[in-house]
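*Asks:* One structure coming up, written as C-alpha cells, with questions to follow.
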Amino acid sequence: MVKINELELENVKRIKAIKVEPSERGLTIIGGRNNQGKTSVLDSIAWALGGNRFRPSQAARDGSVIPPHLRVKLSNGIVVERAGKNSDLKVIDPDGRRGGQQLLDEFVEQLALDLPRFMQSSSKEKANTLLQIIGVGDQLYALDRQEAELYSRRHAIGQIADQKTKFAKEMPDFPGVPKEPVSASELIRQQQDILAENGENQRKRTKAAQLEAEKQRLRRALDEMQEKYDIVCRDCEIAGRDAMGLLDQSTEELERNIQDIESINRKVRANLDKEKAEADAAEYGNQYAALTTEIERVRQSRMDLLQGAKLPLPGLSVEDGELTYQGKRWDNMSGSDQLKVSTAIVRAINPKCGFVLLDKLEQMDLETLREFGAWAESEGLQCIATRVSTGGECSIIIEDGYAAGAEAPAEPTAWKAGSF
C-alpha cells in the first residue's frame, strides 16, 4: 500500500509554510482553532495527488506574492510536486523518470481524498459501491428482485386469504340440513308411488266388497248354486285376509317437504358456499405459507452470499438495497461508525491506496477517537485528520498557517507525528 511519508507546503490557502511527516499507520491529527489552516493541509494533499479537479478556487495564500508550492513524498519512492505560477504537476519515480496524473491514479483513490463525497452519497449508492468491491452485486440484485417478487405475491395471497376467511365467517350456517340440495321431482315420485300403492289397496278393497255382495246374492240362490257358493266363499275368505293386512301410508310429511323444499335447499346451498369459502381460505393460507418459506430461502441464500464474500469491515451488509453496519442503516449509525464504514469501504476500492483524509473529527469524543485510531492502526491504514482542538490528542497544532512554535516562514517547521 502506498502511503504519504512527507508533505511540504508553502503559501497554499491559509498555509504559510509547513512540513509534515504523518505516522505510517493509525491516526495523525492536525489540530488548532478555527481558520488557522488545518483543512488547508488536507486540501493541499488532495490537490497534489488528485489532480486539478481538487485545485482550490483560490489556491494562493492571501497577501503572498510567491505562488503555492506543494511537495509530497510517497512510500513507493515517488515524489509529487506542484510549483510555479501555474502550479504545474511534476511526478518523479525512484529511478528519476517523470510521470503524470495517470501514474498517480493507479494507486491514489479519489474518494480517499474526498471522503465526504462517499458519506454524502445515497444509501443505495453506498451499497452499490460495497457490492462492486466484493463482486456479488449481480447475484445479490437477482436475489433481491426474486425476494421482492415473492413478497409481492405473498402479500396479494395474504390479502385474498384474509378476505376469504372473513367472508366465510360472516356466511350463515344451518345445522341439521342435508349435504346436497333436495330434489322436488324425487319427492313427487315418492308421492306418486305411495298414491299408486294406495290405489291398488283401494282396488283390492273394492274387489272384496264386490265379492261380499256376490256372496249375499249367492246365498239367496244357495240351493241352486251351492257348489258355486262354496267357491265364492273361499275366494271371499282369501280376499278378506288380504285386505285386513293392508295399511295406508300418509303423504303428509312428503307434502310438507315439498312445501319446504326451497327453504331447505337455500340452507343447503348456504352451507355448501360456506364450506367452499373455508376451503378457499385454507388454500390461500397454504399458498401464503409456501411463499413465506420461499422468501426465507431466498433471504438465507442472500445472507450466505454476503457471508461468503470478503467484506472490508466485519458487520457490513446490504439489506433491501441499502448499506447496513451491525444491523443498522446509515441514518441510524453513530457518526464514528459512519466514518469507520466509509474509511473501510474507500480503502477497499483501491487496496493500493494506504491513506485516507478525514476532516472535522471534533464530532468524536476522546474515547471514540482512541478506538478509531486503534482500528486504523490494526488495519495498517494511514489516516490524516483535522480536529478543532489544541489538546494532547493532536499530533500537531496549526497556528496562523504555521506549526505551533515555528518562527521563520522561510524555514518550514518539520515535525514527526506520533500514532494515536
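*Asks:* Just the Kirkwood number for the chain, please: inverse of mean 1/r across all distinct Cα pairs, in Å, one decimal.
*Replies:* Result for the chain stands at 30.2 Å.
*Asks:* Shifting gears a bit: Could you give the alpha-carbon Rg of the range 283-364 over 2.2 N^0.38 Å, rounded to two decimals?
*Replies:* That ratio works out to 1.51.
*Asks:* Continuing with this model, one more query. With unit charges on the beta carbons (Lys and Arg positive, Asp and Glu negative) and the dipole taken about the Cα centre of the chain, which residue among Q259, G392, L316 sits farthest to the positive side?
*Replies:* Sorting the options by dipole projection puts first G392.
*Asks:* Mind scanning K38/K340; K73/K310; K166/K267; K19/K340; K38/K73 and naming the pairs with a C-alpha gap bigger than 24 Å?
*Replies:* Beyond 24 Å: K73/K310; K19/K340.
*Asks:* Using helices alone, what [θ] at 222 nm do you get for the chain, with -39,500 (n - 2.57) per DSSP H run of 4 or more residues, divided over all residues and rounded to the nearest 500?
*Replies:* The per-residue figure over the chain is -17500 deg cm²/dmol.
*Asks:* Suppose a student asked you for the relative contact order of the chain, using Cα pairs under 8 Å spaced at least 6 residues apart; what percent would you report?
*Replies:* 34 percent
*Asks:* Could you tell me the ratio Rg/Rh of the range 131-189? Both radii from Cα atoms, Rh via Kirkwood.
*Replies:* The Rg/Rh ratio comes out at 1.53.
*Asks:* Follow-up. List the residues whose amide H sits under 5 Å from the amide H of Y402, counting only those 5 or more places along or on another chain, with H placed 1.01 Å from N in the peptide plane.
*Replies:* K16
*Asks:* In addition: With all protein chains present and a 1.4 Å probe, how do T129, T386, T293 order by accessible area, largest first?
*Replies:* T293, T129, T386
*Asks:* Can you give me the Kirkwood hydrodynamic radius for the range 76-150, using every pair of distinct Cα atoms, in Å to one decimal?
*Replies:* About 15.9 Å, per the Kirkwood formula over Cα pairs.
*Asks:* Moving on. Looking at the P(r) of the range 224-321, how many percent of alpha-carbon pairs lie beyond 16 Å?
*Replies:* 81 percent
*Asks:* Right, something else. With each pseudo-label sitting 7 Å past Cα toward Cβ, what's the S301-L247 distance in nm, one decimal?
*Replies:* About 7.4 nm separates the two model spin labels.
*Asks:* Further question on the same structure: Using Cα atoms only, what is the angle between the long axis of helix 184-220 and the major principal axis of the chain, expressed in degrees (0 to 90) to the nearest 10?
*Replies:* 10 degrees
*Asks:* Using the Karplus curve 6.51 cos²θ - 1.76 cosθ + 1.60 with θ = phi - 60°, what ³J(HN,Hα) values do you get for each residue of the range 266-273, in whole Hz, with x for Gly and Pro?
*Replies:* After applying 6.51 cos²θ - 1.76 cosθ + 1.60, I find 4, 5, 4, 4, 4, 5, 5, 5 Hz.
*Asks:* Would you work out if the range 28-126 is rounded, prolate or oblate? Take a ≥ b ≥ c from the square roots of the eigenvalues of the alpha-carbon gyration tensor; rounded if a/c is under 1.5, else prolate when a/b is larger than b/c, oblate otherwise.
*Replies:* Verdict is oblate for the range 28-126.
*Asks:* I'd like to know which of I30, S121, A213 lies farthest towards the positive end of the charge dipole of the chain, counting +1 on Cβ of Lys and Arg and -1 on Cβ of Asp and Glu.
*Replies:* Positive-end residue among those listed: I30.
*Asks:* Would you work out the charge dipole size for the chain about its Cα centre, treating the Cβ of every Lys and Arg as +1 and the Cβ of every Asp and Glu as -1, and quote it to the nearest 20 debye?
*Replies:* 1540 debye
*Asks:* Give me the net charge for the shell around Q210: Cβ to Cβ below 13 angstrom, other residues only, Lys and Arg +1, Asp and Glu -1.
*Replies:* Net local charge, Q210 excluded: +3.
*Asks:* Largest first and to the nearest Å, give the Cα extent of the range 101-202 along each principal axis.
*Replies:* Answer, in whole Å and largest first: 124, 24, 15 Å.
*Asks:* Please list 3J(HN,Hα) in residue order for the range 16-26, calculated via the Karplus relation 6.51 cos²θ - 1.76 cosθ + 1.60 where θ = phi - 60°; whole Hz, with x for glycine and proline.
*Replies:* Computed from phi, the couplings for the range 16-26 are 8, 7, 7, 10, 10, 10, x, 5, 5, 9, x Hz.
*Asks:* Also, quick follow-up: Enter the Cα centre distance for the pair the range 174-250 and the range 18-80, rounded to the nearest angstrom.
*Replies:* Between the Cα centres of the range 174-250 and the range 18-80 lies a distance of 128 Å.
*Asks:* Can you pull the one-decimal nm distance between simple spin-label points at V79 and R98, each 7 Å off the Cα toward Cβ?
*Replies:* For V79 paired with R98, the spin-label model returns 1.4 nm.
*Asks:* Let me ask another. If you build the convex hull over the alpha carbons only and average its shadow over all orientations, what do you get for the range 172-219? Give it in nm² to one decimal.
*Replies:* Spelled out: convex hull of the Cα atoms, projected over all directions, averaged, 5.0 nm².
*Asks:* Calculated FRET efficiency, E197 and S263, Cβ-Cβ r, R0 35 Å, to nearest 0.05?
*Replies:* Computed FRET efficiency for E197 and S263: 0.80.
*Asks:* Just reorder L316, L246, L366 by solvent-accessible area, largest first, 1.4 Å probe, all chains present.
*Replies:* L366, L246, L316
*Asks:* Compute the length gained on full extension between K215 and C233: take 0.36 nm times their separation in residues and subtract their Cα-Cα distance, giving the result in nm to one decimal.
*Replies:* Full extension of this stretch gives 5.8 nm more.
*Asks:* How high is the relative contact order of the range 151-265? Use alpha-carbon pairs under 8 Å, at least six apart in sequence, and give a whole percent.
*Replies:* 40 percent
*Asks:* Right, here's the next one. Got a sec? Charge dipole of the range 248-389, +1 on Cβ for Lys and Arg, -1 for Asp and Glu; which of T343, A289, F355 is way out at the positive end?
*Replies:* F355
*Asks:* Where both partners of a DSSP beta bridge lie in the chain, what percent of those bridges are antiparallel, to the nearest 5?
*Replies:* 70 percent
*Asks:* Count the net charge of all other residues whose Cβ sits under 15 Å from the Cβ of M333, scoring Lys and Arg as +1 and Asp and Glu as -1.
*Replies:* -1
*Asks:* Follow-up question, since we're still on this one. What are the ³J(HN,Hα) values, in whole Hz, obtained from phi via the Karplus relation 6.51 cos²θ - 1.76 cosθ + 1.60 with θ = phi - 60°, for each residue of the range 238-252 in sequence order, with x given for Gly and Pro?
*Replies:* These are the phi-based 3J(HN,Hα) values: 5, 4, x, 5, 4, 5, 5, x, 7, 9, 6, 8, 8, 9, 5 Hz.
*Asks:* Next question, about the same structure. Label the range 166-288 by shape, choosing from rounded, prolate and oblate, from the square roots a ≥ b ≥ c of the eigenvalues of the Cα gyration tensor; if a/c is under 1.5 it is rounded, and otherwise prolate applies when a/b is larger than b/c, oblate when it is not.
*Replies:* Here the range 166-288 falls in the prolate category.
*Asks:* Using only the heavy atoms of the protein chains and a 1.4 Å probe, how would Y288, Y402 rank by accessible area, largest first?
*Replies:* Y288, Y402
The values are calculated or read from the model by the stated rules, or taken from the named source; none is laboratory data. Predicted model, so just to flag it, every value in this text is computed and none were measured. As a convention, Cβ positions derive from the backbone with ideal geometry for all residues, glycine included, and neighbour counts pool all protein chains shown. Ligands, DNA and RNA are excluded from the accessible area calculation, which covers all protein heavy atoms including side chains. Shrake-Rupley method; radii C 1.70, N 1.55, O 1.52, S 1.80 Å.
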